[in-house]
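What follows is a single structure, written as structure tokens, with notes after it.
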Amino acid sequence: MIKMEKMEMPSMMNSVCPMTPMGVKGRRSGGGGGGGGGGGTPDLASFFECPVCFDYVLPPIFQCSAGHLVCSACRPKLTCCPTCRGPLADIRNLAMEKVAGTVLFPCKYSSNGCGSLLLHTEKPDHEDACEHRPYFCPCPGTNCKWQGTLEQVMPHLLIQHKSITTLQGEDIVFLATDINLPGAVDWVMMQSCFGCNFMLVLEKQEKNGGEQFFAIVQLIGSRKQTEKFAYRQVHTSVLELNGHRRRLIWEATPHTIHDGVSSAILNSDCLFFDTNTAKLFSENGNLGINVTISMVCGK
Ligand SMILES: [Zn+2]
Ligand SMILES: [Zn+2]
Ligand SMILES: [Zn+2]
Ligand SMILES: [Zn+2]
């Protein structure tokens, strides 16, 4: 007969290690959306819980010489194994990595109501776009660290960012003053129409030695709302520069504040132009962007 190695526990396990909050259950263990529930099927995902932060230990998976796992975020901060205080050797656990590839893990925002179960390879993309991810303060250029739910975004803006102008109407002019100010600058205003609020952002960035402007319309709403609004309609926004017998137009579905402006800028998925173009349309250093929002039938 083979001796059951599992039953042997290091004698110090329960006593000394300060890193493992013994008796504290992982935050996912009791949460909803785990699937299964009753019955004897083990919750495989729980075997991958990091003993320090309760996030999941995902490939590449390293173990201590006694076989304990710790996640890759906690590992560099530790000098010894949080479970047995043994050395953190560079031992890969290929079997656990293989198992990890078949397990469905709950989304990081399961405690906020997300019921998605995902392969670990799908987790990062899902969590970036997850409807249940907290919203960050959408004001660019401020160091505001606020985050909260979608419903809390407008109250936050009205209380903490009072200086932002709001214009009512479907057709407004977003006037950016002093566009020749050097360096990175953001201009922000709000547009309110169709019972919705939109944040308009003009951002100037230094790129490849030159300066570029990016103008973006963002719905204070979720991605689902930008994709399909009530009555199967979607918003469309038109950004237009006009002047001196020239016209530059960008028409698109508004982005959502959930995604932030940086991904739109990175993908040039917005109205963008350089300083020479800006000069063609500006007057006395001020640039007026016509912003028109309308509702069109979605697919
Ligand atoms: Zn961890
Ligand atoms: Zn250990
Ligand atoms: Zn999710
Ligand atoms: Zn803020």
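The values are calculated or read from the model by the stated rules, or taken from the named source; none is laboratory data. Quantities reported herein were computed from a predicted structural model and do not represent experimental measurements. Please note: Cβ atoms are built from the backbone with ideal geometry, for glycine as well, and neighbour counts cover all protein chains shown. Side chains included, ligands, DNA and RNA excluded: accessible areas come from the protein's heavy atoms. Shrake-Rupley method; radii C 1.70, N 1.55, O 1.52, S 1.80 Å.
If you take the C-alpha gyration tensor of the stretch 164-218, multiply each eigenvalue by 5 and take the square root, what semi-axes do you get, largest first, in whole Å?
Working: eigenvalues 128, 22, 12 Å².
The equivalent ellipsoid of the stretch 164-218 has semi-axes of 25, 11, 8 Å.
What is the gain in length, in nm to one decimal, between Thr102 and Glu227 on full extension, counting 0.36 nm per residue of separation less the C-alpha to C-alpha distance? Let's see the in-between values first.
Working: separation 125, 0.36 × 125 = 45.00 nm, distance 3.18 nm.
Answer, rounded to one decimal: 41.8 nm.
Within 10 Å of each candidate Cβ there may be at most 11 other Cβ atoms; applying that plus a DSSP loop requirement, which trypsin sites (Lys or Arg not before Pro) in the stretch 131-220 survive?
Values: sites: Lys145, Lys162, Lys204, Lys207; in loops: Lys145, Lys162.
Answer in residue order: Lys145, Lys162.
Quick one: pull the percent of accessible area on the stretch 44-129 belonging to carbon and sulfur, 1.4 Å probe, ligands and nucleic acids left out.
Within the stretch 44-129, the accessible surface is 56 percent carbon and sulfur.
Jot down the per residue volume, in cubic angstrom and as a whole number, of the convex hull over the alpha-carbon atoms of the stretch 44-129. Mind showing how you got there, number by number?
Details: hull volume 8.1 nm³, N = 86.
Enclosed volume per residue, from the Cα hull, is 94 Å³.
With +1 on the Cβ of every Lys and Arg and -1 on the Cβ of every Asp and Glu, and nothing else charged, how large is the dipole of the stretch 44-129 about its Cα centre, in debye rounded to the nearest 20? Please report the intermediate quantities before stating the final value.
Values: 7 positive and 8 negative charges, 68 e Å.
Approximately 320 debye in magnitude.
Could you list log10 I(q)/I(0) for the stretch 126-165 at q = 0.31, 0.34 Å⁻¹, which the Debye formula gives when each Cα is one point scatterer?
Computed log10 I(q)/I(0) values: -1.12, -1.23.
For the stretch 125-260, what does the convex hull of the Cα positions come to per residue, in cubic angstrom?
Hull volume normalised by residue count: 147 Å³.
Per the 1.4 Å probe, what fraction of the accessible area of the stretch 144-279, in percent, lies on carbon and sulfur atoms?
Numbers: 3620 of 7360 Å².
That fraction is 49 percent.
Under a cut-off of 13 Å between alpha-carbon atoms, report the aspartates and glutamates in cross-link reach of Lys224, not counting same-chain residues fewer than 8 places apart.
List returned: Glu131, Asp259.
Can you tally the net charge around Ile216? Count Lys and Arg as +1, Asp and Glu as -1, for every other residue whose Cβ sits under 11 Å from the Cβ of Ile216.
Working: positive: none; negative: Asp186, Glu203, Asp259, Asp269.
The answer is -4.
Can you give the accessible area per residue of the stretch 44-129, in Å², using a 1.4 Å probe? Mind showing how you got there, number by number?
Details: 4300 Å² over 86 residues.
Averaged over the residues of the stretch 44-129, the accessible area is 50 Å².
Between Gln147 and Ile249, what is 0.36 nm times their sequence separation minus the Cα-Cα distance? Round to one decimal in nm.
In short, 33.4 nm is gained.
Quick check: net charge around Cys74, other residues with Cβ under 12 Å of its Cβ, Lys/Arg +1 and Asp/Glu -1? Mind showing how you got there, number by number?
Numbers: positive: Arg75, Lys77; negative: Glu49, Asp55.
The answer is 0.
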